[in-house]
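Data first, discussion second: the structure below is written as structure tokens.
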Amino acid sequence: MVRKNDPIPAAALETMKTTPLLDFCETELTRIKSEDRYRVFAHLEKQADRFPIYTHYRDDGSQVDVTVWCSNDYLGMGQSPIVIDAAREAAARIGAGAGGTRNISGTSHYHILLEEELADLHGKEAALLFTSGYVANEASLSTLLNARDNSIVFSDEKNHASMIEGMRRSKAGKRIFRHNDLTHLEELLAEADPDAHKFVAFESVYSMDGDIAPIGAICALAKRYGAVTYLDEVHAVGMYGERGGGVAERDGVMAEVDLIEGTLAKGFGVHGGYVAGPAAVLDYVRSVAPGFIFTTSMPPMVAGAALASVRHLKQSGQERAMQQRQAARLKQAFRDADLPVMDSASHIVPLLVGDAARAREFSDRLLDEFQIYVTAINYPTVAVGTERLRFTPTPHHTDAMIRELVAVLKGLFAGAGTPPAKSAP
């Protein structure tokens, strides 16, 4: 018997070295690296009392403070004393873990309260919690699209990977419409079998470009053809609307959307995902979806923290106002500096680089030389030729931080010989 800390036998090592799977993986990794698509994770530790300052643990063993510009904790709620105190209280009362699936002792009072709060946030009959936004999309879409024969899903071409995976796991027909193109969507709906069970799946805020869907118009078109609407609001919940219900709330069309998927990990600053909608539909997903049934539930301490965050942002617009202010200031600062800021109707601020190797170089140099961290966004997340740096200013990013960032970026772009441009497609 080989114990945990015993060395691996030489024969086993030789077998591992010659396994075709390992050969394949090594070859593919070499290819990915040659295409500048290899992902390197920065070793960072958030400093809750100094956010957005993090500690960067370098490869040489040293540590240095860095300013992070790409966190999805858009409002900084992950550091809010309201949220931290709620997590601490819940952990003290219930403990760290859930102890089981929702069906096996894993449903706490915090889960029930949070689902009720989320249903109210979106004006829906019910809400259902999942362990992440990815799981919420994958489990819900695959389950609902498999519920009946002759289903067709109409998907925006820029939908998130989690939505695409949910569709792939279904037997439904797939129709991809051009991004935010209502004319193309109607063409596809009109061509479809009138007796088919139709779903239109789309997002509100598209996280790489920062543009926003015409939710009301899509819902009206879907209703004309008898289609169910499934809206992903993960980059909008907490961020838009009088109570943080998302773009659909802001635009006054929340009641027109059939199913709304959201996350607790971005605007709300915690963790987990959910879907809100008709009670019977969510009860069906709860009863059938493997991604819900066969996994340990969200830790009650996390549910308690998320509950506090949702309740706070329902009645406080201060965080949203400050975040929008800083996003607008960053966009204007980029424009004033003739940096290639891409058009964005949301809080997301992309800066076009247009080359994978250069985007990676800029990201590395910002971190290593200037203690500024922002990730390079390359293919397949975005199309080749549109590689970028994606900035997400929070209420905690100061005007001084903006000035420092712009000065550094001007030097990088000028030094690299990148022709400045005031805007980019």
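Okay, here's what the table says:
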{"read-out": "Where Leu114 falls short, out of the listed (1) in a helix (DSSP H, G or I); (2) of a type outside the set (Phe, Trp, Tyr); (3) surrounded by fewer than 22 Cβ atoms within 10 Å (Cβ to Cβ)", "value": "(3)"}
{"read-out": "When residues of the range 248-257 are limited to those that are in contact (Cβ under 8 Å) with a residue 40 or more places away in the chain and open to solvent by 10 Å² or more (accessible area, probe 1.4 Å), the one farthest from Gly76 (Cα to Cα)", "value": "Glu256"}
{"read-out": "Residue list for the range 171-205, filter: touching a residue at least 40 places away in the same chain (Cβ under 8 Å), open to solvent by 10 Å² or more (accessible area, probe 1.4 Å) and either β-branched (Val, Ile, Thr) or closer than 18 Å to Val275 by Cα (or both)", "value": "Phe199"}
{"read-out": "All positions within the range 55-78 that are loosely packed, with under 14 Cβ neighbours inside 10 Å and either of a type outside the set (D, E, K, R) or part of a strand (DSSP E or B) (or both)", "value": "Gly61, Ser62, Gln63, Val64, Asp65"}
{"read-out": "Close pairs from the range 40-58: first in contact (Cβ under 8 Å) with a residue 24 or more places away in the chain, partner open to solvent by 90 Å² or more (accessible area, probe 1.4 Å), Cβ under 9 Å, at least 6 apart", "value": "Tyr54/Glu45; His56/His43; His56/Glu45; His56/Gln63"}
{"read-out": "Residue that is most open to solvent (accessible area, probe 1.4 Å), among those in the range 258-299 that are β-branched (Val, Ile, Thr) and closer than 18 Å to Phe199 by Cα", "value": "Val281"}
{"read-out": "Residue count, the range 300-339 (criterion: open to solvent by less than 50 Å² (accessible area, probe 1.4 Å) and either more than 19 Å from Pro81 (Cα to Cα) or touching a strand residue (DSSP E or B) at 6+ places or on another chain (Cβ under 8 Å) (or both))", "value": "9"}
{"read-out": "Complete set of residues in the range 145-170 that are in a helix (DSSP H, G or I), open to solvent by less than 20 Å² (accessible area, probe 1.4 Å) and either under 17 Å from His197 (Cα atoms) or free of Cβ contacts under 8 Å to residues at least 12 places away in the same chain (or both)", "value": "Leu145, Gly166, Met167"}
{"read-out": "Enumeration of residues in the range 33-54 that are at pLDDT 90 or above, open to solvent by less than 90 Å² (accessible area, probe 1.4 Å) and not hydroxyl-bearing (Ser, Thr, Tyr)", "value": "Ala42, Leu44, Lys46, Gln47, Ala48, Phe51, Pro52, Ile53"}
{"read-out": "Filter result for the condition that a residue is modelled with pLDDT of 95 or more and out of contact with any helix residue (DSSP H, G or I) (no Cβ under 8 Å at 6 or more places or on another chain), over Ile260, Ile176", "value": "Ile176"}
{"read-out": "Selection status of Val275, aliphatic (A, V, I, L, M) and closer than 26 Å to Pro214 by Cβ", "value": "yes"}
{"read-out": "Test: residue in the range 372-393 that is among the small types (Gly, Ala, Ser) and either assigned to a strand (DSSP E or B) or open to solvent by less than 10 Å² (accessible area, probe 1.4 Å) (or both)", "value": "yes"}
{"read-out": "Hits in the range 40-99 - residues which are of a type in the set (Asp, Glu) and under 20 Å from Thr398 (Cβ atoms)", "value": "Asp49, Asp65, Asp73"}
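The values are calculated or read from the model by the stated rules, or taken from the named source; none is laboratory data. Bear in mind that the values here come from a model prediction, so they are computed numbers and not experimental data. Neighbour counts are summed over all protein chains in view; Cβ atoms, including those assigned to glycine, are modelled from backbone coordinates with ideal geometry. Accessible surface areas use protein heavy atoms only, side chains included; no ligands, DNA or RNA. Shrake-Rupley method; radii C 1.70, N 1.55, O 1.52, S 1.80 Å.
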